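Chemist: This is the structure I have questions about; it appears just below.
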Amino acid sequence: MKQSRRLDLPLRFLTAVAGLCAAGYLCCYFILAWIRMRYPYELEWMEGGCVDHVVRLLKGASLYGEPSLEFTPFIYTPFYYYVSAVFSKVFGIGFFPLRLVSFLASIGCFFIIFKFVKRETGSSFYGLLSTGLFAAAYRFSGAWLDLARLDSLFLFLLLGSAYLLFFHKSGIGLFFSGVLISLSFLTKQTALFLAVVMCLYSMIFLDRWLKIIIPLIFAGLIGLSTLFFNWLSHGWYSYYVFELPRQHRIFTLMVAGFWIQDMPFLSLALLASLTYLGNRLLCHRNKETVFHLSFFFSMILVSWFSRMHYGGYDNVLLLATAALSIYAGMGWHHVTSFASRARHASLWQYLAVLTCLLQFFLLKYDPAAQLPSTRDLLAGNALVELMKGIDGDIFMPNHGYLPSLAGKKTSAHAMALFDVLRSTDREKRGNLVYQIDHALQNGYYKTIILDGPFYGIQREVDASYTPKARVFQCTDCFWPVTGKRTRPEMLLVLKAAPGYTP
């Protein structure tokens, strides 16, 4: 008996350390998010473009229309922009309200993950481990949860829908599950595959009339919203939301790279998840097991598929990270529960807690590297002052919203233009190239600021503009802390502009 207690003491200590790691990662995220939320410039290069979308809504303009140099939308559904527009009316235009929406949605994700695991295991501790694991994967999934981007809201709505489908199979629960999965799709189209899986599960495994609630609501809301936005935009909604995304090329290196480069960082969570799911498959062959298997593997497959698309960054790993966080907690709970009934119980318990600790270690990151520096802030202020001193509007396609800080008009974001310029629709691509070429040749912008060569129109740029000065003298300032590593590099002036000397 005394020997058993001696063994229990280090086990309890290691278990407490695991809990502290989970809580520590959560606290670290909240502190980082609070600091980053108030930064007045881009943390990621497409954030400014998202602010431009919200500004357009606040002006009463349609998001979806013919691609133009003035504004071209990103290839996403619009719900995040509408929610952010409401917050922007309260807090003012800028990055803060959009980041606040994402931050609140991320808290919702943490809460659902905790509740999911607690309901399934009966243990708040393992709910904490799962929530802490999701927080620990913050940098792994792109340091994305608190950005002015739509992914956190998309994930929160998706997890909420799945939670209601599994734990609240009443008419009202399924109704709200259908609404949430529809809103998740209206935030990001990636939800479509998960929605189809949930609809199929409902139709096969739910009782009587309950089986049609989610499919009917999803089909109805998506169908009606598509008709409405197509009517509002004269058909352009479907072009951006459905046609352009289908034309994205596959990045063949990530077909295997997802498993070779990404998944090793969550390998122990994957092992714990498969342990739990394998046990359910062997011992509990029921509809709940079908839900767990279909939900888990759907989340993994969608992350994999998204990672394979050209331009897929670490943020697409959020779905896989959420699924692994949920089921790893269940797996560690299962091993610990099994150990209490097995021979060499302490060995199994040590195995569970040590793999948990090692998984937390594999996801370690430098919090300071996720924060912009004082030098970045000063460089941003200097850039705004530079733009204020320039006559006329400035074409600055890589950084939406920033010109407006200097009182200038914004233009279409480079990523939105790039999606059209690389499309297979020659007519739409040609019309956009003509607009850009016409504007540049006729001096609509006397000054442009570029990050580097501009895909599709660099020849037109070279023909009409000449480099005048570098934007920054420092080599290590004003780089975004996540996403594509890019910043304003070169200020170019129109060759025919007054005062220009060849």
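Chemist: Yes or no: region 408-418 includes at least one residue that is at pLDDT 90 or above, more than 30 Å from Y310 (Cβ to Cβ) and not β-branched (V, I, T).
Modeler: So in region 408-418, the residues at pLDDT 90 or above come out as 408-418.
Those left that are additionally more than 30 Å from Y310 (Cβ to Cβ): 408-409.
Going one step further and asking which of them are not β-branched (V, I, T), we end up with 408-409.
Yes: region 408-418 contains one or more residues that are at pLDDT 90 or above, more than 30 Å from Y310 (Cβ to Cβ) and not β-branched (V, I, T).
Chemist: Checking the condition touching a residue at least 24 places away in the same chain (Cβ under 8 Å), under 21 Å from P480 (Cα atoms) and either basic (K, R) or not in a helix (DSSP H, G or I) (or both), which residue from L63, L43 passes? Lay out the reasoning, then the answer.
Modeler: Details: L63 fails: under 21 Å from P480 (Cα atoms).
On inspection, the qualifying residue turns out to be L43.
Chemist: Can you name the number of the only condition in (1) surrounded by fewer than 22 Cβ atoms within 10 Å (Cβ to Cβ); (2) part of a loop (DSSP other than H, G, I, E, B) that F71 fails?
Modeler: With (1) surrounded by fewer than 22 Cβ atoms within 10 Å (Cβ to Cβ); (2) part of a loop (DSSP other than H, G, I, E, B) applied to F71, the lone miss is (1).
Chemist: Follow-up. Consider K468 carefully, then state whether it is outside any helix (DSSP H, G or I), touching a strand residue (DSSP E or B) at 6+ places or on another chain (Cβ under 8 Å) and of a type in the set (K, R). Walk me through it before giving the result.
Modeler: On the way: outside any helix (DSSP H, G or I): yes; touching a strand residue (DSSP E or B) at 6+ places or on another chain (Cβ under 8 Å): yes; of a type in the set (K, R): yes.
Yes.
Chemist: With respect to F296, determine if the residue is surrounded by 14 or more Cβ atoms within 10 Å (Cβ to Cβ) and part of a helix (DSSP H, G or I).
Modeler: Values: surrounded by 14 or more Cβ atoms within 10 Å (Cβ to Cβ): yes; part of a helix (DSSP H, G or I): yes.
So F296 passes the test.
Chemist: Exactly one condition in (1) closer than 14 Å to W34 by Cα; (2) of a type in the set (S, T, N, Q); (3) free of Cβ contacts under 8 Å to residues at least 60 places away in the same chain is false for S124; which is it?
Modeler: (1)
Chemist: Contact list please: Cβ distance under 7 Å, first residue in region 374-390 and in a helix (DSSP H, G or I), second residue among the hydroxyl-bearing types (S, T, Y), pairs at least six apart or on different chains.
Modeler: G380/Y41
Chemist: Also: I'm trying to understand the selection: among the residues of region 190-214, which are assigned to a helix (DSSP H, G or I) and buried (at least 18 other Cβ atoms within 10 Å of the Cβ)? Break it down into steps so the answer makes sense when it comes.
Modeler: So the first thing to find is which residues in region 190-214 are assigned to a helix (DSSP H, G or I), and the list is 191-205, 208-214.
Passing the criteria: A191, L194, A195, V197, M198, C199, Y201, S202, I213, I214.
Chemist: Among (1) crowded, with 16+ Cβ neighbours inside 10 Å; (2) in a helix (DSSP H, G or I); (3) at pLDDT 95 or above, there is one condition E120 misses while meeting the rest; what is its number?
Modeler: Only one criterion in (1) crowded, with 16+ Cβ neighbours inside 10 Å; (2) in a helix (DSSP H, G or I); (3) at pLDDT 95 or above is unmet by E120, namely (3).
Chemist: So for region 451-462 (the condition being farther than 28 Å from S238 by Cα, at pLDDT below 95 and crowded, with 19+ Cβ neighbours inside 10 Å), does at least one residue qualify? Walk me through how you get there before you give the answer.
Modeler: Taking region 451-462 first, the residues farther than 28 Å from S238 by Cα are 451-453, 458-462.
From the residues that got through so far, the ones that are at pLDDT below 95 too are 451-453, 458-462.
Filter again for crowded, with 19+ Cβ neighbours inside 10 Å, leaving 451.
The answer is yes; a qualifying residue exists.
Chemist: May I ask you to list the residues in region 136-167 that are surrounded by fewer than 23 Cβ atoms within 10 Å (Cβ to Cβ) and either hydrophobic (A, V, I, L, M, F, W, C) or outside the structural domain of Y201 (by TED's automatic domain parsing) (or both)?
Modeler: Those that are surrounded by fewer than 23 Cβ atoms within 10 Å (Cβ to Cβ) and either hydrophobic (A, V, I, L, M, F, W, C) or outside the structural domain of Y201 (by TED's automatic domain parsing) (or both): F140, F166, F167.
Chemist: Quick test of your reading of the structure: I449 fulfils all but one of (1) in contact (Cβ under 8 Å) with a residue 24 or more places away in the chain; (2) outside any strand (DSSP E or B). Name the failing condition by number.
Modeler: (2)
The values are calculated or read from the model by the stated rules, or taken from the named source; none is laboratory data. The structure presented is a predicted model; accordingly, all values stated were derived computationally and were not measured. Heads up, the Cβs are rebuilt from the backbone with ideal geometry, glycines too, and the neighbour counts pull from every protein chain shown.
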